[in-house]
Amino acid sequence: QFTPRVFSGMQPSGGLTLGNYLGALKRYVEMQDTGTYETIYCMVDLHAITVWQDPTELAAKTRELAAAYIAAGVDPAKSILINQSQVPEHAQLAWIFNTVARMGWMQRMTQFKDKAGKNAQNASLGLFAYPALMAADILIYHATHVPVGDDQKQHLELTRDIATKFNHDYGVDFFPITEPVIEGAATRVMSLRDGSKKMSKSDASDASRINMTDDADTIAQKIRKAKTDPDALPSEYKGLDDRPEARNLVNIYAALADISVDQVLADHGGAQFGTFKPALAELAVAKLSPIASEMTRLMADVAEIDKLLAQGAEQAREITQPILKRTYEIVGM
Ligand code: ADP
Ligand code: NA
């Protein structure tokens, strides 16, 4: 009964990593290009400010993220591209969901615990309520599918819980039970320095990640210095058990090349990292460099980006306004 519709988004809170690209952005483009779904992609600035953001930088980073989306292949003629704060129904529905979600649900969220750290009493209330806003981002479109990295699984479950409880409390079948789409070899890209941690833009060490805007030499150097073990690559996947750093590099290769992990091992099994790493670096540069230069080109015309986002917001509101209106009616408002 629901239109197949994809929603996803990223925070404009700093440089994008290879993890963001393979786990999210590349998937956005793939889902857009299947032609099976209406696709809506968002810069979630309201989420970004749950931790302090310098106002001038926030505006710049939001445009930079829009440029990254477009450079990676999100096409404003095929997808609706928006900045969250320009579509006010996200925040309006989030308030309703703040009354549906339970304190205990929020307290179980591992991302809040990670981001708030030891001093949780001093975290913003918005950081705690973040998953209710995320549920609203998705459900204000009645989105049926959400492509995300593995770290967002728990938030997607909470989105489903909120939809279920709303439908149950008000005796309606109004919000869909959204499916997370967490597929492929790179749902969790790991740090280059520590195979037990995810690659993240907030890691203190820049050597732990590949940034989408790193130049070719930097990418090659980071991959050359990536932590590995002394063994050669195995020819079967189970040979990567207990070798998290090796597995991570193989997964990255497969995702970048759009081939299976088995294929990577068929091609490179028996090779030492001394030969595999340069091949991986060459592949990463071939995929990322064109995106980085396209981003630079797009960033030179900020007015054009602003125009696209204004158009996106208008298109989005054709969907969000009727859904908010109906939600208010259901609630008795
Ligand atoms: P970050 O997690 O880098 O702060 P966001 O929270 O804005 O960035 O996440 C944007 C998207 O990128 C989400 O779908 C998230 O799951 C995905 N993502 C982030 N890091 C990784 C990673 N290391 N591997 C795979 N996907 C990732
Ligand atoms: Na994340």
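Laboratory data are not the source of any read-out in this text; all were calculated from the coordinates shown. On a predicted model such as this, the values are computed, not experimentally measured, just so you know. Note that each Cβ is placed from the backbone with ideal geometry, even for glycine, and that neighbours are counted across all protein chains shown.
For this structure, a couple of remarks:
- Extension gain (nm, one decimal) between Ala91 and Asp301, 0.36 nm per residue minus Cα-Cα: 72.7 nm
- Using Cβ point charges alone (K and R +1, D and E -1), the dipole size of the chain about the Cα centre works out to roughly 740 debye.
- Amide hydrogen neighbours beyond the local backbone of Lys198, cut-off 5 Å, H modeled: Ser191
- Our helix-only sum for the chain, with -39,500 (n - 2.57) per DSSP H run of n ≥ 4 divided by its residues, gives a mean residue ellipticity at 222 nm of -17000 deg cm²/dmol.
- Cα centroid of the stretch 242-271 to Cα centroid of the stretch 144-171, whole Å: 32 Å
- Summarising the amide proton neighbourhood of Gly9: residues at separation of 5 or more, or on other chains, whose placed amide H is nearer than 5 Å comprise Cys42.
- Long-range HN-HN contacts of Val181 with modeled amide H, under 5 Å: Val146, Val148
- Look at where the Cα atoms of the stretch 44-76 and of the stretch 99-118 average out, and the two centres are 24 Å apart.
- Nearest-0.05 FRET efficiency for Ala207 and Thr275, computed from C-beta distance (R0 35 Å): 0.95
- Gain on full stretching of the segment that runs from Asn98 to Asp114 - 0.36 nm per residue minus C-alpha separation: 3.6 nm
- Normalising by residue count, the stretch 206-296 has a Cα convex hull of 84 Å³ per residue.
- Karplus (6.51, -1.76, 1.60) ³J(HN,Hα), θ = phi - 60°, over the stretch 181-191, in Hz, Gly and Pro reported as x: 10, 10, 9, x, 7, 10, 6, 9, 7, 9, 4
- Unit charges at the beta carbon, dipole of the chain: most positive-side option, Ala303, Pro290, Gln107: Gln107
- With all pairs of different C-alpha atoms in the average, the Kirkwood value for the hydrodynamic radius of the chain is 20.9 Å.
- Sites Ala77 and His168 - FRET efficiency at Förster radius 41 Å, r taken between beta-carbons, to 0.05: 0.55
- Of Lys153/Lys307; Lys78/Lys325; Lys61/Lys165; Lys61/Lys238, pairs whose Cα-Cα distance is over 29 Å: Lys153/Lys307; Lys61/Lys165; Lys61/Lys238
- Neighbour-count ranking [beta-carbon atoms within 10 angstrom, fewest first] of Thr159, Thr296: Thr296, Thr159
- Legend: ranking of residues Trp52, Trp105 from fewest to most surrounding C-beta atoms inside 10 Å; resulting order Trp52, Trp105.
- For Phe2 and Tyr237, the difference between the fully extended length at 0.36 nm per residue and the C-alpha to C-alpha distance is 80.7 nm.
- Most positive-pole-ward Cα, Gln263, Ile219, Ser235, against dipole of the stretch 206-296 from beta carbon charges: Ile219
- Applying 1/(1 + (r/R0)^6) with R0 = 22 Å to the Cβ-Cβ distance of Asp194 and Asp262 gives a FRET efficiency near 0.25.
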